[in-house]
1. Would you kindly derive the ³J(HN,Hα) couplings of the range 226-241 from the backbone phi angles with the Karplus curve 6.51 cos²θ - 1.76 cosθ + 1.60 (θ = phi - 60°), listing them in order in whole Hz, with x for Gly and Pro?
2. Return the distance in nm (one decimal) between the two label points of a simple spin-label model at Leu62 and Val10, each offset 7 Å from Cα along Cα→Cβ.
3. Any lysines with Cα under 29 Å of the Lys66 Cα? List them, leaving off those in the same chain fewer than 8 positions away.
4. Stretch Asp214-Ile273 to full length: gain in nm at 0.36 nm per residue minus the Cα-Cα span?
5. Output ³J(HN,Hα) for the range 50-58: one whole-Hz value per residue in order, computed from phi by the Karplus curve 6.51 cos²θ - 1.76 cosθ + 1.60 with θ = phi - 60°, and x for Gly and Pro.
6. So what's the net charge close to Thr40: Lys and Arg +1, Asp and Glu -1, counting the other residues with Cβ under 9 Å from its Cβ?
7. Please state the shape class of the range 1-83: rounded when a/c is under 1.5, otherwise prolate if a/b exceeds b/c and oblate if not, all from the C-alpha gyration tensor.
8. Less than 12 Å Cβ to Cβ from Asp217, Lys/Arg counted +1 and Asp/Glu -1: what total charge do the surrounding residues give?
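The values are calculated or read from the model by the stated rules, or taken from the named source; none is laboratory data. Not measured: the values here are computed from a predicted model. Neighbour counts run over all protein chains shown; Cβ positions are idealised from the backbone, glycine included. For the accessible areas, the whole protein counts, side chains as well, though only heavy atoms, and no ligand, DNA or RNA atoms are used. Shrake-Rupley method; radii C 1.70, N 1.55, O 1.52, S 1.80 Å.
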Amino acid sequence: MNIGLDNIVVAQTILSEVDGEKGRLIIRGFSVETLAETFTFEEVTARLWEGFTQDTTESLTLELGKARLRAFEILPSFLDIANKLTFIEGLRLGLASLSDKEEVPHHYLLTGAIAVFLAGLIRSKKGLPLIKPDPSLRQAEDFLRMLHGKRVDKSLEQALDKYLITISDHGMNASTFTARSIASTKAGLISAVIGGISALKGPLHGGAPGPVLDMLDEIKGDKNIENWVKTELAQGKRLMGFGHRIYKVRDPRADVLKQVVSSLRSSGNERLIFAEKVETAILRELVKHKPDRPLHTNVEFYTALLLEAIGLERDVFTPVFAMGRVVGWIAHVFEQEKTGRLIRPQSEYIGKKVCDRQTAFQ
Ligand code: ACO
């Protein structure tokens, strides 16, 4: 029996490889560093979907633009209820409102909808008017424009683009496995993506970056770092942004994102310098705390700093993660539908075996 399915291979994939020993991530043949450095999010998406759709980067950019316009028409239908929910719940509700009969191809619609719904939800909760998508723009550019009502600094658009690339796919993680399990029943792409987003929401998966900033705020200053970290670990708490099921060394995405944050912030930026001090102290204490379990910085630590530097608030971090990861979930659903089989593992029953109702209540 293997609770947690560690090291169990459940699919062959051409999409991505997570090498936990060497700390390497390959997506469709390219290292995550190369992709973040030289590709756009649309180029990465086209590569992820290659062989499953006929898309070029140009056609995909065009279709995503059209899909954003369609999503904008749907947005008002659920906004009243969504305004009473958290952003990730609102996004889940918005996706659940999409019909399986929707004519816009679902892979474009879902990808476009997450950006449109999220920007709309953020503005709506602030009482601001909704901004219609501009289909000529790329996803990261248009998301920030729909959010702020105008184009923002190019460096911020590029930083978000690089973030979306960095987290676009990552092997058989919990949300991808969920999406593939749903796809394996032939329930369809929309249901699979709703499943993916529901799994991503958990603090052990995509819900960690907000709490990373909470942690930095709670520690407050240099003098408090060591004491805070020791106390938390002594109380058996998990430190957000550290540890990973697969990576036994540093998560390569953390370094990619750290570089992007550094490029955005001036060298004297206090937040980044303080975060680095906290990171150093945590890594030092984690070695002592769990000498047999390598625990290193994961993607969420620098995600938090990057999304904060872009000007996003912590309660939208997980939905922004979904904006990037959705293209990976979709690629996995395509692959599952093409090559997979109904996913149906076994469980071992350890409960009672009662013969009849009367014996049960004796
Ligand atoms: N802080 C303190 N202790 C930790 C941490 C951490 N961040 N991570 C693991 N440990 C400890 C556990 O408490 C456990 O100790 P125990 O054996 O005494 O119970 C031991 O290390 C092994 O932990 P596991 O639960 O076996 O590790 P697993 O591989 O299941 O967990 C996970 C991976 C969930 C990411 C974990 O490291 C964690 O909870 N990290 C904090 C949350 C986080 O950063 N999540 C984002 C992950 S990245 C992503 O999904 C996009």
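1. Couplings: 4, 4, 4, 4, 4, 5, 4, 5, 4, 7, x, 7, 8, 8, 5, x Hz.
2. Result for the modelled spin labels: 3.8 nm.
3. Within the straight-line cut-off, Lys66 pairs with Lys84, Lys101, Lys125, Lys126, Lys132, Lys150, Lys154, Lys162, Lys186, Lys201, Lys338.
4. Working: separation 59, 0.36 × 59 = 21.24 nm, distance 1.64 nm.
Extra length available between Asp214 and Ile273 comes to 19.6 nm.
5. Values, residue by residue: 4, x, 9, 10, 9, 5, 9, 4, 5 Hz.
6. It works out to a net charge of -2.
7. Values: a/c = 2.40, a/b = 1.43, b/c = 1.68.
The shape class here is oblate.
8. Numbers: positive: Lys220, Arg271, Arg314; negative: Asp214, Glu218, Glu308.
Net charge around Asp217: 0.
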